[in-house]
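Take a look at the structure below.
The values are calculated or read from the model by the stated rules, or taken from the named source; none is laboratory data. All figures in this text were calculated on a predicted structure; none of them were measured in a lab. As a convention, Cβ positions derive from the backbone with ideal geometry for all residues, glycine included, and neighbour counts pool all protein chains shown.
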Amino acid sequence: MTTTGDSRSRGRSLRRDALGLGTSAAIGISSSAPAYSLAVAVGLLAAYVGTAAPLVLGLSAVPVVLVALCFRELNRTEPDCGTTFPWTEKAFGIGVGRMVGWTTVMACVLVMSNLAQVASIYTFVLLGLDDAAGSRPAQAALGAVFITVMAALAYRGIRIAAWTQAILLTVEVVALLWFAGNAFREAGSFSLATNTGEGKWALGVLVAVLLYWGWDSSFSVNEETRDPRRTPAVAALVANGFLIVLYAVVAWSALAYAGVGTLAGIADDDFFSVLSNDLLGTAGGKLLIGAVLVSALASTQTTILPTARTMLSMARRDAFPGQFARISTRFHTPSVSTVVFAAASLTIYVTLVLISDAVLADAVGAVSVLVSLYYLATAIAVPVYFTGRLKGRVPQRLIIPVLAAASFAAVLVLAVADVGTGPLVVVGVTMVVGALIMYSMKPPAEGEGRV
């Protein structure tokens, strides 16, 4: 692999063959923050589509799986830890590739603020420190500590990070299944009375689709995975399959136990915190709160891992300063990229928390638009990337990408229509700043920066 980054990075590489199928899949699952995602989404889905929520969760995975298949086709030809950045750069040129890479990085920077805040608030609630849970300075301080700790673990090496994810994910899944089992037992039935809620199917699909975001982290660690052309794709599909079942089972159990009316009435709250004490007792309620906390922490780390590798890849091709291509000789991890991403996330998080909850909410709302943009760009990139090379792989290189692009074009339209003015302003500012930074970078010299 030829790099154009800092000369001190030449000859160094990420740790090869460090991850197997299981650990790669665990990273993809954890990145989606299943416990936290369910906590904030099940009430909304109940309000929007009623007892069809489990079905909507399953069907909404279809466009996600289609895009995952697009990632698979590109990765089997060019397994690069930058994923969408190098693929779209090769398909559309330097300018578009850099903007897609920037979009990916900024989506992760913004979501870090949400994850850090959730982790800090739930920690205080778990410890019974309600005053601290409502204090912005306290949230900012503890959230900053969490970002720093998870970044340090990510820096220490992919194996440590992967096993951390496996442990945290196990705790999270056990707690969710315990909740689901008890909910079905108390309900005394698996049946659901037909109730379509408000009948807002489009909004329900939008909420459900974005719950799966994160599976692509399995591709971002491709250079550190055994059989990098094949294993990341299998891991991503396993992650999506696991999430489909987990999401549907937990949503179904909550509807069977509480009903549409109760869940819709707490749509703006974490339904676990509202229902779990009655269902599981005080200790069980704390366990569910702990599961959401663990979910946010795990996703914090699995957001750092792929984003640092995207920045590393961009530096290799002169889309970021060469220093970002440095790799630790001891831990074989992106050193400068990890530190800078963590520092940027920490700074933006603390600033947003101290300024306004509304601004923080707008920043988080912008993520759905940014994610839809880079998934759409990746799907469109496939037939362009393989121009003249469709023979024998028309379904993988044309039909599936067209379906994926159409699906996420619709998701993007829904996201833009739903998020409101504030998040769109954040998206606009993000893209303008990105354009100024990306187009200020020198283009790679002929023959450089290519795998």
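Which members of region 135-179 meet the condition of being out of contact with any Ser or Thr (no Cβ under 8 Å at 6 or more places or on another chain) and under 21 Å from VAL249 (Cβ atoms)?
Listed by number, the residues that qualify are THR170, VAL171, VAL173, VAL174, ALA175, LEU176, LEU177, TRP178.
Give region 384-395 a look and list any residue that's within 17 Å of PRO86 (Cβ to Cβ) and either among the hydrophobic types (A, V, I, L, M, F, W, C) or in a helix (DSSP H, G or I) (or both), or say none.
Residues satisfying the conditions are VAL384, TYR385, PHE386.
Residues to consider are LEU192, LEU280, LEU243; find the one that is within 21 Å of the chain's Cα centre (by Cα), of a type outside the set (D, E, K, R) and surrounded by fewer than 24 Cβ atoms within 10 Å (Cβ to Cβ).
LEU243
Of the residues LEU110, LEU126, only one is in contact with a helix residue (DSSP H, G or I) (Cβ under 6 Å, 6 or more places away or on another chain), surrounded by 22 or more Cβ atoms within 10 Å (Cβ to Cβ), among the aliphatic types (A, V, I, L, M) and in contact (Cβ under 8 Å) with a residue 12 or more places away in the chain; which?
When all the criteria are applied, what remains is LEU110.
Please go through region 158-173 and pick out each residue that is touching a residue at least 60 places away in the same chain (Cβ under 8 Å) and of a type in the set (A, V, I, L, M, F, W, C).
ILE158, ALA161, ALA162, TRP163, ALA166, LEU168, LEU169, VAL171, VAL173, listed by residue number.
Name the single residue, out of those in region 306-346 being among the aromatic types (Phe, Trp, Tyr) and assigned to a helix (DSSP H, G or I), that is farthest from TRP215 (Cα to Cα).
Filtering region 306-346 for residues that are among the aromatic types (Phe, Trp, Tyr) and assigned to a helix (DSSP H, G or I), the one farthest from TRP215 (Cα to Cα) comes out as PHE324.
Residue check: is ALA283 at pLDDT 90 or above, farther than 24 Å from GLY58 by Cα and either part of a helix (DSSP H, G or I) or among the hydroxyl-bearing types (Ser, Thr, Tyr) (or both)?
It is false that ALA283 is at pLDDT 90 or above, farther than 24 Å from GLY58 by Cα and either part of a helix (DSSP H, G or I) or among the hydroxyl-bearing types (Ser, Thr, Tyr) (or both).
Those residues that are surrounded by fewer than 23 Cβ atoms within 10 Å (Cβ to Cβ), touching a Lys or Arg at 6+ places or on another chain (Cβ under 9 Å) and either farther than 18 Å from THR387 by Cβ or among the hydrophobic types (A, V, I, L, M, F, W, C) (or both), I need them from region 76-101; list them, please.
PRO79, ILE94
Of the residues ALA151, ALA141, ALA133, which is under 21 Å from the mean Cα position of the chain (by Cα) and small (Gly, Ala, Ser)?
Just one listed residue meets the conditions, ALA151.
Kindly indicate which of LEU38, LEU66, LEU57 is under 18 Å from VAL382 (Cβ atoms), buried (at least 21 other Cβ atoms within 10 Å of the Cβ) and in contact (Cβ under 8 Å) with a residue 24 or more places away in the chain.
When all the criteria are applied, what remains is LEU66.
I need a count of the residues in region 348-371 that are under 20 Å from the mean Cα position of the chain (by Cα) and of a type in the set (Ser, Thr, Tyr).
2
For residues that are within 15 Å of ILE158 (Cβ to Cβ) and hydrophobic (A, V, I, L, M, F, W, C), scanning just region 321-351, find the one that is modelled with the highest pLDDT.
My answer is ILE327.
Go through region 322-336 and give me each residue that's within 23 Å of ALA435 (Cα to Cα) and either within 18 Å of the chain's Cα centre (by Cα) or touching a residue at least 60 places away in the same chain (Cβ under 8 Å) (or both).
Scanning region 322-336 gives GLY322, GLN323, PHE324, ALA325.
Of the residues that sit in region 357-389 and are crowded, with 22+ Cβ neighbours inside 10 Å, out of contact with any Cys (no Cβ under 9 Å at 6 or more places or on another chain) and of a type in the set (S, T, N, Q), which one is farthest from ALA140 (Cα to Cα)?
Checking each candidate, the answer is SER372.
Check off (1) in contact with a helix residue (DSSP H, G or I) (Cβ under 8 Å, 6 or more places away or on another chain); (2) under 30 Å from ARG16 (Cβ atoms); (3) not polar (S, T, N, Q) for VAL149 and give me the number that stays unchecked.
(1)
With ALA319, ALA256 as the choices, which residue is touching a residue at least 12 places away in the same chain (Cβ under 8 Å), farther than 26 Å from ALA116 by Cα and surrounded by fewer than 23 Cβ atoms within 10 Å (Cβ to Cβ)? Spell out how you get there, then give the answer.
Details: ALA319 fails: surrounded by fewer than 23 Cβ atoms within 10 Å (Cβ to Cβ).
Criteria check complete, one pass: ALA256.
Out of curiosity, is SER345 hydroxyl-bearing (Ser, Thr, Tyr), touching a residue at least 24 places away in the same chain (Cβ under 8 Å) and under 25 Å from VAL96 (Cα atoms)?
It is true that SER345 is hydroxyl-bearing (Ser, Thr, Tyr), touching a residue at least 24 places away in the same chain (Cβ under 8 Å) and under 25 Å from VAL96 (Cα atoms).
May I ask you to list the residues in region 78-135 that are of a type in the set (Gly, Ala, Ser) and part of a loop (DSSP other than H, G, I, E, B)?
Listed by number, the residues that qualify are GLY82, GLY93, GLY128, GLY134, SER135.
Return a yes/no flag: does region 154-168 have any residue that is surrounded by 23 or more Cβ atoms within 10 Å (Cβ to Cβ), among the aromatic types (Phe, Trp, Tyr), at negative phi and in a helix (DSSP H, G or I).
No; the residues of region 154-168 include none that is surrounded by 23 or more Cβ atoms within 10 Å (Cβ to Cβ), among the aromatic types (Phe, Trp, Tyr), at negative phi and in a helix (DSSP H, G or I).
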